[in-house]
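K.L.:
First, the structure itself, so that you have it in front of you.
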Amino acid sequence: MNKKSNKLVGAGVLSAVAASLCCITPVLALISGASGVASTFSWMEPARPFLIGITVLVLGIAWYQKLKPRTAEEIECACEEDEKPSFWQSKGLLGIVTVFAISMLAFPNYAHIFYPSNDNKEVIIVNASDIQTVTFEVKGMTCNGCASHVENDVNKLPGIVKVDASYEESIAKVEFDQSKVSLVKIEEAINGTGYKVVGKK
């Protein structure tokens, strides 16, 4: 029974991590500096609701097995189980795993906090007529973390006034000084994140 419980705990963690892998990867890419791998797991986004369901089901079964009352047969056979279970078979570990799984499932909602804020970025505009706004259609973004990754990389370019990326609309709206940066450079920066520019308007 303990082995079965441990397998359920492992399955719960695995499905929780898999459910948010598409959103965890861009943050890991930012930390490691390998931004091109950011969209590696974006293909898993459609499976996210199923993986969340599996996580909840598996952890629910594990908790049920830990908390259900013992039958008369189990009480009679409990001579070997009277000693305290190890940490690996305890409710404490299951609690830690459950908290970890919940934080992984919620990761897309708070992934943006791992990206530096560009609110204090100072841009010197010499000629207002050089300011241009272009909306790039971007394929592959699946969460706020993806959008923040695009915003972060584009903001590193000189002459960028403002970047607003939206994964829901699959766009990145960029306001920039065309005398300091070209459309080609902006598109290269977006494509460098691992997401793909498929059009602009």
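K.L.:
If a residue has to be in contact (Cβ under 8 Å) with a residue 60 or more places away in the chain and part of a helix (DSSP H, G or I) to count, how many in region 145-196 make the cut?
P.N.:
Of the residues in region 145-196, 7 are in contact (Cβ under 8 Å) with a residue 60 or more places away in the chain and part of a helix (DSSP H, G or I).
K.L.:
Quick check on S179: is it closer than 30 Å to A47 by Cα, in contact with an Asp or Glu (Cβ under 7 Å, 6 or more places away or on another chain) and surrounded by fewer than 22 Cβ atoms within 10 Å (Cβ to Cβ)?
P.N.:
On the way: closer than 30 Å to A47 by Cα: no; in contact with an Asp or Glu (Cβ under 7 Å, 6 or more places away or on another chain): yes; surrounded by fewer than 22 Cβ atoms within 10 Å (Cβ to Cβ): yes.
No, not satisfied.
Here, each number is a calculation from the coordinates, and none is a lab measurement. The structure presented is a predicted model; accordingly, all values stated were derived computationally and were not measured. Quick reminder, even Gly has a Cβ in these numbers, built from the backbone with ideal geometry, and neighbours come from all protein chains shown.
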